[in-house]
Amino acid sequence: MIEPVTFPIAVDVVALTVIDHTLHALVVRRGIEPFRGRLALPGGFLRSGEQTDQAAARELEEETGVTPPGHLEQLRTYGPLGRDPRGPVLSVAYLLLAPSFSPTHAGGDAAGALWQPVEALLGPDSPLAFDHGAILADGVERAACLKASRTHTLSLRANSGSRLRGGGRGRPSASFRPDGRRRRRTGSSSLGA
């Protein structure tokens with residue numbers, strides 16, 4: 001019989017919102033090693049008897065003071081090899097989109113909690129610790145897909161004669177490419193609304 005492999009399980013949260021027409025991600029400044037002082041996505045290790053979605057909500061609240069204002073959607077699983085200098089760690093990432101969040105304050109092992117423009121966090125020189133640049137990029141891409149899907153659904157409803165809530169056809173809204181940069185287009189839906 002093959003022995004099962006055991007290693008720690010972590011959760012990471014990609015929380016996105018639009019501030020001043022720019023897509024922002026919630027990050028923490030790490031207060032402990034590894035990567036003390038570097039920016040990272042909110043997250044941490046799964047506790048005994050805890051489900052991953054519960055751990056994601058707990059870590060988000062502990063490290064940033066933010067209670068998820070909406071649904072945490074499982075984004076993807078990362079690892080376990082090559083993502084943490086301490087050794088193999090499997091991470092389950094979650095995506096959280098909302099038009100607004102409660103104010104942030106650092107807690108737990110985070111030395112700070114702040115909203116940063118996504119564009120400043122992505123790319124080959126990403127300031128994010130671990131593999132969080134890749135996780136954030138996947139979260140932004142998924143958010144763009146959700147936005148496109150929602151806009152398509154609203155467009156289909158509009159074309160079938162249904163009235164749209166919160167706006168009408170032709171009203172400009174902010175839209176974002178997977179790299180977090182803003183583009184203008186017409187539509188009635190905005191990210192997270």
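Positive end of the dipole of region 1-142 (Cβ unit charges, origin at the Cα centre): among 85, 134, 18, the Cα lying farthest that way belongs to 85. Note on region 1-139: with neighbouring protein chains present and a 1.4 Å probe, carbon and sulfur make up 54 percent of its accessible heavy-atom surface.
Computed over protein heavy atoms with a 1.4 Å probe, the accessible surface of region 6-55 works out to 47 Å² per residue. Put simply, the amide H of residue 65, placed in the peptide plane, has neighbours under 5 Å in 105, leaving out anything fewer than 5 places away on its chain.
With only Lys, Arg, Asp and Glu charged, each at its Cβ (+1 for the first two, -1 for the last two), find how big the charge dipole of region 1-145 is about the Cα centre; round to the nearest 20 debye. The partial results should precede the final answer.
Details: 10 positive and 18 negative charges, 39 e Å.
Computed charge dipole of region 1-145: roughly 180 debye.
When you work out D = kT/(6 pi eta Rh) for region 79-143 at 25 °C and 0.890 mPa s, using the Kirkwood radius from C-alpha pairs as Rh and the Stokes-Einstein form, the result is 179 µm²/s.
Given region 1-55, what whole percent of its Cα pairs are spread farther than 18 Å?
Values: 799 of 1485 pairs.
When every Cα pair of region 1-55 is considered, 54 percent fall beyond 18 Å.
Two decimals is fine: what is log10 I(q)/I(0) at q = 0.12, 0.13 Å⁻¹ for region 31-91, from a Debye sum with one equal scatterer on every Cα and no solvent? With one equal scatterer per Cα and no solvent, log10 I(q)/I(0) is -0.33, -0.39. Here is the list for region 30-77: trypsin sites (Lys or Arg not before Pro) lying in DSSP coil, each with at most 12 other C-beta atoms within 10 angstrom of its C-beta, are 36, 47. For the pair residue 48 and residue 32 in one chain, pulling the backbone fully straight at 0.36 nm per residue adds 3.6 nm over the alpha carbon distance. Spin-label model, residue 148 to residue 6: label points 7 Å out along the Cα-to-beta-carbon direction sit 4.3 nm apart.
Sum up the charges of everything whose Cβ sits under 11 Å from the Cβ of residue 33, counting Lys and Arg as +1 and Asp and Glu as -1, but leave residue 33 out.
Numbers: positive: 30, 36, 38, 86; negative: 109.
Around residue 33, the surrounding residues sum to +3.
Taking R0 as 30 Å, what's the FRET efficiency between residue 21 and residue 74 from their Cβ-Cβ distance, rounded to 0.05? Computed FRET efficiency for residue 21 and residue 74 comes out at 0.55.
For region 42-152, the share of alpha carbon pairs falling in successive 5 Å distance bins from zero is 2, 10, 18, 24, 26, 13, 5, 1, 0 percent. Out of all Cα-Cα pairs in region 57-96, roughly what percent, to the nearest whole number, are more than 13 Å apart? Roughly 61 percent, rounded to a whole number. If you wrap the tightest convex hull around every Cα atom of region 1-106 and split its volume per residue, you get 121 Å³. Seen from a random direction on average, the alpha-carbon convex hull of region 109-151 projects onto 3.9 square nanometres.
The values are calculated or read from the model by the stated rules, or taken from the named source; none is laboratory data. Please read these numbers as outputs of a predicted model, since none were measured by experiment. Backbone-built Cβ (ideal geometry, glycine too); neighbour counts: all protein chains shown. To get the accessible areas, we keep the full protein, side chains included, count just its heavy atoms, and leave off ligands, DNA and RNA. Shrake-Rupley method; radii C 1.70, N 1.55, O 1.52, S 1.80 Å.
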